[in-house]
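Visitor: Shown below is the structure under consideration.
The values are calculated or read from the model by the stated rules, or taken from the named source; none is laboratory data. Model, not experiment: these values are computed from the prediction. Heads up, the Cβs are rebuilt from the backbone with ideal geometry, glycines too, and the neighbour counts pull from every protein chain shown. We work out accessible area using only protein heavy atoms, side chains counted, and drop any ligands, DNA or RNA first. Shrake-Rupley method; radii C 1.70, N 1.55, O 1.52, S 1.80 Å.
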Amino acid sequence: MAYRKTPAEISRLEAARERLVACATSVVAEVGWSQASVTAVAASAGIAAGSVYQHFPSKAALAVEVFRRAAEREVEVLGDVLRGPGDPVERLTRAVDVFARRALENRGLAYALLAAPAEPAVGAERLDFRRRYRALYAEVVREGMATGQLPDQNAEITAAVLTGAIGEALVDPLGAPDENATEELLADLTAAVLRCAGAPTA
């Protein structure tokens, strides 16, 4: 008869896996993907390096899990804002502010998600999540066109430009913290996004 893990064992393994992912996320935020070795993650979790492989078959698999979870949270937050209350332009304005502020509040992780060199498996995940960002932006652009707040345009192209431009605009600020410049950066970034979409700006 095949051995079956008890509920207590399953719970313990799940808790250990969750802690490992949390520690790996912290390590990536601090040193980036390239230096987030299995040894470094294991040390952060207080376990032997070999124990990591009880939960993930490789460093790449662990990195993908870290990226996927962190990026999923950002997509959820952005989606909540873009599909929340307010007209399309108000939601687009608020979404840029929320996305950028969250990035600037957790610079290391945001840089890792947006731009830091990573293994091919993480790069593939990054492309997939960019598509999801584009879909959210395209949705609100189409709504703006339908309400007459935005001019007729190719919503998919505009969404792709917004996705790329917002991330690119944040790369340098994420690497060179300047708290005094945050509000100016956010104002300029929001104005650029609204101009790109064809929305009236103050």
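To keep it simple, each residue is scored yes or no on (1) of a type in the set (D, E, K, R); (2) under 20 Å from the mean Cα position of the chain (by Cα).
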| site | (1), (2) |
| --- | --- |
| T6 | no, no |
| E9 | yes, no |
| R12 | yes, no |
| R17 | yes, no |
| L20 | no, yes |
| C23 | no, yes |
| S26 | no, yes |
| V31 | no, yes |
| A45 | no, no |
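Let's see how each residue does on (1) under 30 Å from A187 (Cα atoms); (2) in contact with a Ser or Thr (Cβ under 9 Å, 6 or more places away or on another chain); (3) open to solvent by 20 Å² or more (accessible area, probe 1.4 Å):
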site	(1), (2), (3)
W33	no, no, no
G50	no, no, yes
A70	yes, yes, no
L78	yes, no, no
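Visitor: Can you tell me which residue in region 43-83 is modelled with the highest pLDDT, limited to those that are in contact with an Asp or Glu (Cβ under 9 Å, 6 or more places away or on another chain), of a type in the set (K, R) and in a helix (DSSP H, G or I)?
Guide: For region 43-83, the residue satisfying everything is R68.
Visitor: Something else: Would you list the helices (runs of 4 or more DSSP H) that sit entirely within region 94-188 and hold 3 or more residues that are closer than 18 Å to V66 by Cα and open to solvent by 30 Å² or more (accessible area, probe 1.4 Å)?
Guide: 107-114, 120-147
Visitor: Could you count how many residues in region 189-200 are out of contact with any Leu (no Cβ under 7 Å at 6 or more places or on another chain), in a helix (DSSP H, G or I) and either without any contact (Cβ under 8 Å) to a residue 40 or more places away in the chain or open to solvent by 50 Å² or more (accessible area, probe 1.4 Å) (or both)?
Guide: Summing the residues that are out of contact with any Leu (no Cβ under 7 Å at 6 or more places or on another chain), in a helix (DSSP H, G or I) and either without any contact (Cβ under 8 Å) to a residue 40 or more places away in the chain or open to solvent by 50 Å² or more (accessible area, probe 1.4 Å) (or both) in region 189-200 gives 3.
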